[in-house]
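The values are calculated or read from the model by the stated rules, or taken from the named source; none is laboratory data. Quantities reported herein were computed from a predicted structural model and do not represent experimental measurements. When we count neighbours, we look across all protein chains shown, and the Cβ atoms used for this are built from the backbone with ideal geometry, even at glycine. Side chains are part of the model used for accessible areas, which takes the heavy atoms of the whole protein and leaves out ligands, DNA and RNA. Shrake-Rupley method; radii C 1.70, N 1.55, O 1.52, S 1.80 Å.
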Amino acid sequence: MSRYRLLPTPAQEAVLRDHCAHARFVWNLAVEQHMHWHPGRKSAPGYLEQCLQLTAARAEHPWLAAGSQTVQQQALRDFTQAMAAFFDLRNPAGTPTWRKAGRDQGFRITGRRGRQWEVRRLSRHVGQVWVPKAGWVRFRWSRQVPPGVKSYRVTRDRAGRWHLAFAVIPAPVPAPGNGLAVGVDRGVTVAAALSTGDLLCVPGLTAREGARLRRLERKRARAKRGSNRRNRVKHAIARLRAREADRRKDWAEQTSTGIARRFDVIRVEDLQIAAMTRSAKGTRDSPGRNVRAKAALNRGILRSGWGLLVRRLEEKALGRVEKINPAFTSQRCSACRQVDPKSRKSQAVFECTACGYACNADVNAAQNIAAGHAVTARGGFRTAGPVNREPQLLASLSRM
């Protein structure tokens, strides 16, 4: 999806806010209708019946009729597609949930280009898009608009920035044809370590920006809820968070493109990130253990962009990404294939207790991932079964 920075005027921004509110209102009504259904009751209304209900609601409420019918009907169509994805057995998605003001701000426009909507270029870096009720809205022409676009989406993030995204699936990156395979080990200190020895880190906030973020968070904690001062502080925090997220997304885009262009086969660990970053907080009767340490680890994992990197790799290197069982990849020697937890001296140092092979711990794990081997706790291969033996020196080294 090609995204551009939208530059509306204050009057156009008010119209866009109304479109977001109307789309969110219609979506939440559809969610409420489906939440009311349970076995034994009449089935929830479908898209056509909901459109008839929307027409009646627009005739009854002038504030809803003042908005764009295209935006509101498209919200119902989006909800229908979300429910279809929820019932898809091959690739099930989550249940459509409530949309909240300030967090879910956006709407979609569909139709034939040249009739329902249009895009035109004004100068080298400025273009215009036609939005119902708002007219021609300028956006930053950072790249060519993809051909064959049939819809676009307008969104607003928490930092107050408007974006325009044209719905088009880009072509995957072609394979280089060199037959090379690479392993990618994801970590917190080093976001991505390649089996070639490359150590890639996500550029986050600078030390000065991090100090300012902490000051703003302390200031927000002292501010009264609902006050203008608290809203200004929240907006400043959101701008810093957006800056950090933009850097992480840019890093993931460049890294995934580079890996897809260099290697034919890309192997990554099959990690359950949602389960790994689940909160350690318990209940009042049975509180969790090491909650603060687990929360810091969760923030580090999410800040490293593990899921974003793999998702972009799967989209760009279509059919060339393989997921490997991550069991004991960090404890296994990539030279002699011996598994021993004592070989992992520290976070960055790996020194095999059997053959003495030493290298960066993340690179060693990436080499195991590139080999595509998943081992058991005792050191045997998954296909051959475990080999119950203690770590031993190689025969060539024992005769020396």
For this session: For the range 3-78, please list each of the helices (runs of 4 or more DSSP H) lying entirely inside it that holds at least 2 residues being out of contact with any strand residue (DSSP E or B) (no Cβ under 8 Å at 6 or more places or on another chain) and of a type in the set (S, T, N, Q).
Result: 10-36, 47-60
For this session: Just give me the residues in the range 42-69 being within 19 Å of C20 (Cβ to Cβ), surrounded by fewer than 16 Cβ atoms within 10 Å (Cβ to Cβ) and touching a residue at least 24 places away in the same chain (Cβ under 8 Å), in sequence order.
Result: A66
Exercise. Which members of the range 207-234 meet the condition of being surrounded by fewer than 12 Cβ atoms within 10 Å (Cβ to Cβ) and part of a loop (DSSP other than H, G, I, E, B)?
Worked result: K224, R225, G226, S227
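Restricting the search to the range 139-158, which residues are in a strand (DSSP E or B), in contact with a Gly (Cβ under 9 Å, 6 or more places away or on another chain) and within 22 Å of G114 (Cβ to Cβ)?
Residues satisfying the conditions are F139, S151, R153, V154.
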For this session: Go through the range 334-368 and count every residue that is over 35 Å from the mean Cα position of the chain (by Cα) and on the phi > 0 side of the Ramachandran plot.
Result: 1
Seminar exercise, completed: Residue hits (the range 262-292; outside any helix (DSSP H, G or I), among the basic types (K, R) and either more than 19 Å from E315 (Cα to Cα) or open to solvent by 80 Å² or more (accessible area, probe 1.4 Å) (or both)) are R278, K281, R284, R289
Exercise. Being open to solvent by less than 50 Å² (accessible area, probe 1.4 Å), β-branched (V, I, T), in contact (Cβ under 8 Å) with a residue 24 or more places away in the chain and more than 16 Å from G46 (Cβ to Cβ), is that true of even one residue in the range 94-109?
Worked result: yes
For this session: For the range 19-41, name all the residues that are of a type in the set (A, V, I, L, M), within 21 Å of P132 (Cα to Cα) and open to solvent by 20 Å² or more (accessible area, probe 1.4 Å).
Result: A21
Exercise. Does at least one position in the range 348-364 carry a residue that is in contact with an Asp or Glu (Cβ under 6 Å, 6 or more places away or on another chain), over 22 Å from W306 (Cα atoms), of a type outside the set (F, W, Y) and in contact (Cβ under 8 Å) with a residue 24 or more places away in the chain?
Worked result: yes
Exercise. From the residues in the range 1-18 that are of a type in the set (S, T, Y) and within 26 Å of the chain's Cα centre (by Cα), which one is surrounded by the most Cβ atoms within 10 Å (Cβ to Cβ)?
Worked result: Y4
For this session: Taking the options A171, A175, A159, name whichever one is in contact (Cβ under 8 Å) with a residue 60 or more places away in the chain and open to solvent by 20 Å² or more (accessible area, probe 1.4 Å).
Result: A175
For this session: Output the qualifying pairs, or none if there are none: Cβ atoms under 8 angstrom, residues six or more apart or on different chains, first residue in the range 292-313 and over 20 Å from V265 (Cβ atoms) and without any contact (Cβ under 8 Å) to a residue 24 or more places away in the chain, second residue surrounded by 15 or more Cβ atoms within 10 Å (Cβ to Cβ) and hydroxyl-bearing (S, T, Y).
Result: N298/T277
For this session: Quickly run through the range 70-89 and pick out the residues that are polar (S, T, N, Q) and without any contact (Cβ under 8 Å) to a residue 12 or more places away in the chain.
Result: Q81
